[in-house]
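Engineer: So that we are looking at the same thing, I have put the structure below in structure tokens.
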Amino acid sequence: MNSILQHDLKNFEVILEKAKQQGIDFLNNLENIPTSSKNKVDTNRVLNEVGLGSEEALIEFNERLVPLLVSSPGPRYWGFVTGGSTPASIVGDWLSSIYDQNTQAVAAQGGNSALIEFETIHLLLQLLELPDTFMGGFVTGATMSNFTCLGVARQWFGKQLGKDFAKNGISETINILTAMPHSSSLKTLSMLGIGSQNYTVVKTSEGNREAIDIDDLETKIKELNGKPFILISSAGTVNTADFDDFKEISALKSKYNFWWHIDAAFGGFAAVSEKYKHYVEGWQGADSIAVDCHKWLNVPYESAFYLVKKEHINLQIETFQNSNAPYLGNPLENFNYLNVLPENSRRLRALPVWFSLVAYGKEGFCDIIEKSALLALHFGNELIEDSRFELLAPIRLNNVCFTLKGDENQDKVAQFLMRLNDTGKVFMTPTVYQNKKGIRASFVNWRTAEEDIKIVIEEMKNIISDLDL
């Protein structure tokens, strides 16, 4: 064994203790760590001929690379719908690395960590009050969850025409209907060979909505003259957290032949709250659902899961099976995750979620969801009370979409946001809503409190005064 590796192994406990203490110091100081950074580093570092060892590497990491990192798990990081890691999820994440399982098969030999994933999906179905007619698994994020679901949808579409797209490639135009698809869904269409622009846009409902107009959807369906199609619907749009009417879509599904996919990256967790579960009423009728965990479930990146109806398992295996590995046996008789999703190698990504669900239960996550929504309303009310801001859309759940008041100030929105983010006290993202430049704040982090809103509002008032608006 290499002498430096030997030294690290001998001092493993000391090394991990130093890393642990550094992590604790970071998490205990999140409120004071900037939410943005302009620090740079020379990335042309020369690889050592002889390694430094873990302790010296940690020293260099602290000196050169830590200044690049921001408090994205902190209470005032309101961009990209970013959650922070709860204590239980960190425990699960660390243990995932320590146990280092390649979570794939349910077998008598070679490891059974897939059973942990089965149980975690079972717990998630209970949390979301979805039936066990769904089966699921873990992937890196919403993009790969959408990819998995829509990959099966693509195979379903081909089978409606007597084609096997997985084996022979796409030989027909695939009909996609959607109103407000997230960029990850469009990226998925690109990766699947369908084309990121090859979809038909359905109108959105009147009244400052981002939800599908059901009448226009049915009109578009009738124009297809009985041809099959894939519907991509939303449970929480990125700007305004709007939801499509799943009860109405369920009614259409009983009349027409289509694959119904729901992108529920963060909005699916509305199901946990009695106050907001009406938003997802009827979603159990979908063929597939994509949900992120590193958003509102507050576990570390990368974590998401897909749900696909069990009745489609043959289509799923046709789409993803590893057919060149005869030692794996019959994919229907010997379950292996590599036959039902994109990755052949995968860590025990379910474990942080398992720890979170077991540690905090439904009540704990209901509290996080409802507190986030309440904080979004509080922030929105503060904006309304200041005549220099205006909301671009109603606050339905946890996203606040706003701008500077007055059309004459549209060209100053970007400058205002840049100044605000540069304070390091908060991070929000730019957006465009109904042709107006705006700013989006997303409340999902379990640490965020009213005091954080007070801090941010004070910074916003100071900057807007400096800009003389």
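Engineer: Looking at (1) in contact (Cβ under 8 Å) with a residue 60 or more places away in the chain; (2) open to solvent by 20 Å² or more (accessible area, probe 1.4 Å), which is the only condition N381 fails?
Structural biologist: That leaves (1) as the condition not met.
Engineer: Turning to a different aspect of this structure: Within segment 360-373, can one find any residue that is open to solvent by 60 Å² or more (accessible area, probe 1.4 Å), among the hydrophobic types (A, V, I, L, M, F, W, C) and out of contact with any Ser or Thr (no Cβ under 8 Å at 6 or more places or on another chain)? Break it down stepwise before answering.
Structural biologist: Taking segment 360-373 as the starting set, the residues that turn out to be open to solvent by 60 Å² or more (accessible area, probe 1.4 Å) are 360, 362-363, 367, 371.
When the remaining residues are screened for being among the hydrophobic types (A, V, I, L, M, F, W, C), the result is none.
No: zero hits.
Engineer: Okay, next question. Tell me yes or no: at least one residue of segment 11-32 is assigned to a loop (DSSP other than H, G, I, E, B), farther than 22 Å from M418 by Cβ and either out of contact with any helix residue (DSSP H, G or I) (no Cβ under 7 Å at 6 or more places or on another chain) or among the hydrophobic types (A, V, I, L, M, F, W, C) (or both). Show your work before the answer.
Structural biologist: Filtering segment 11-32 down to residues assigned to a loop (DSSP other than H, G, I, E, B) leaves 11, 29.
Those left that are additionally farther than 22 Å from M418 by Cβ: 11, 29.
Next cut, either out of contact with any helix residue (DSSP H, G or I) (no Cβ under 7 Å at 6 or more places or on another chain) or among the hydrophobic types (A, V, I, L, M, F, W, C) (or both) only: 11, 29.
The answer is yes; a qualifying residue exists.
Engineer: Every residue in segment 275-290 that is free of Cβ contacts under 8 Å to residues at least 40 places away in the same chain and open to solvent by 50 Å² or more (accessible area, probe 1.4 Å), please.
Structural biologist: Selection gives H278, E281.
Engineer: Let me ask something else about it. Could you look through segment 46-71, keep only residues that are within 30 Å of I439 (Cα to Cα) and touching a residue at least 40 places away in the same chain (Cβ under 8 Å), and pick out the one that is surrounded by the most Cβ atoms within 10 Å (Cβ to Cβ)?
Structural biologist: Taking segment 46-71 and keeping what is within 30 Å of I439 (Cα to Cα), we get 65-71.
Restricting the remaining residues to those that are touching a residue at least 40 places away in the same chain (Cβ under 8 Å) gives 70-71.
Working: V70: 16, S71: 23.
Applying the filter and picking the extreme gives S71.
Engineer: For segment 430-469, which residues satisfy the criterion of being more than 18 Å from P394 (Cβ to Cβ), of a type in the set (A, V, I, L, M, F, W, C) and part of a loop (DSSP other than H, G, I, E, B)?
Structural biologist: Correct list: V444, W446, A449, L467, L469.
Engineer: Scan segment 245-258 and report the pairs whose first residue is open to solvent by 60 Å² or more (accessible area, probe 1.4 Å) and whose second residue is part of a loop (DSSP other than H, G, I, E, B), with Cβ atoms within less than 6 Å and a gap of 6+ or a chain change.
Structural biologist: Close Cβ pairs (under 6 Å, with a partner that is part of a loop (DSSP other than H, G, I, E, B)) amount to K247/E281; K247/G282; N257/P228.
Engineer: Would you be able to say whether some residue in segment 342-354 is at pLDDT 95 or above, open to solvent by 30 Å² or more (accessible area, probe 1.4 Å) and part of a helix (DSSP H, G or I)?
Structural biologist: Yes - at least one qualifying residue is present in segment 342-354.
Engineer: Within segment 388-396, identify whether any single residue is open to solvent by 10 Å² or more (accessible area, probe 1.4 Å), under 28 Å from the mean Cα position of the chain (by Cα) and small (G, A, S), and answer yes or no.
Structural biologist: Scanning segment 388-396 turns up no residue that is open to solvent by 10 Å² or more (accessible area, probe 1.4 Å), under 28 Å from the mean Cα position of the chain (by Cα) and small (G, A, S).
Engineer: Same structure again: Just one of the numbered conditions (1) open to solvent by less than 10 Å² (accessible area, probe 1.4 Å); (2) at negative phi; (3) among the aliphatic types (A, V, I, L, M) is not true of V238; which one?
Structural biologist: (1)
Engineer: Only residues that are small (G, A, S) and more than 27 Å from H294 (Cβ to Cβ): list them for segment 365-389, please.
Structural biologist: Residue satisfying the conditions is S387 alone.
Engineer: Hey, another quick one. Residues of segment 447-469 being under 22 Å from the mean Cα position of the chain (by Cα) and either closer than 23 Å to T237 by Cβ or modelled with pLDDT under 95 (or both), which ones?
Structural biologist: T448
Engineer: I'd like the residue in segment 100-156 that is within 30 Å of N257 (Cβ to Cβ), assigned to a helix (DSSP H, G or I) and among the polar types (S, T, N, Q) and, out of all such residues, is farthest from the chain's Cα centre (by Cα).
Structural biologist: Within segment 100-156, the subset within 30 Å of N257 (Cβ to Cβ) is 121, 124-125, 128-137, 139, 142-156.
Subsequent filtering for residues that are assigned to a helix (DSSP H, G or I) retains 121, 124-125, 142-156.
Then keep just the ones that are among the polar types (S, T, N, Q); that gives 143, 145-146, 148, 155.
Numbers: T143: 8, S145: 9, N146: 10, T148: 14, Q155: 24 Å.
Per the stated criteria, the residue is Q155.
Engineer: Then there is this: Out of T43, T35, which single residue is of a type in the set (V, I, T) and open to solvent by less than 40 Å² (accessible area, probe 1.4 Å)? Lay out the reasoning, then the answer.
Structural biologist: Details: T43 fails: open to solvent by less than 40 Å² (accessible area, probe 1.4 Å).
That would be T35, the only listed residue that is of a type in the set (V, I, T) and open to solvent by less than 40 Å² (accessible area, probe 1.4 Å).
Engineer: Right, something else. Please list, ordered by first then second residue, the pairs with beta carbon atoms under 7 Å, 6 or more apart or interchain, first in segment 411-434 and over 21 Å from S465 (Cβ atoms) and outside the structural domain of V238 (by the TED database), second part of a loop (DSSP other than H, G, I, E, B) and open to solvent by 60 Å² or more (accessible area, probe 1.4 Å).
Structural biologist: Pairs found: T429/F80.
Engineer: When the residues of segment 150-194 are narrowed to those that are without any contact (Cβ under 8 Å) to a residue 24 or more places away in the chain and open to solvent by 20 Å² or more (accessible area, probe 1.4 Å), which ends up nearest to E210 (Cα to Cα)?
Structural biologist: Among those residues, the one meeting the criterion is S183.
The values are calculated or read from the model by the stated rules, or taken from the named source; none is laboratory data. The structure presented is a predicted model; accordingly, all values stated were derived computationally and were not measured. Quick reminder, even Gly has a Cβ in these numbers, built from the backbone with ideal geometry, and neighbours come from all protein chains shown. Side chains included, ligands, DNA and RNA excluded: accessible areas come from the protein's heavy atoms. Shrake-Rupley method; radii C 1.70, N 1.55, O 1.52, S 1.80 Å.
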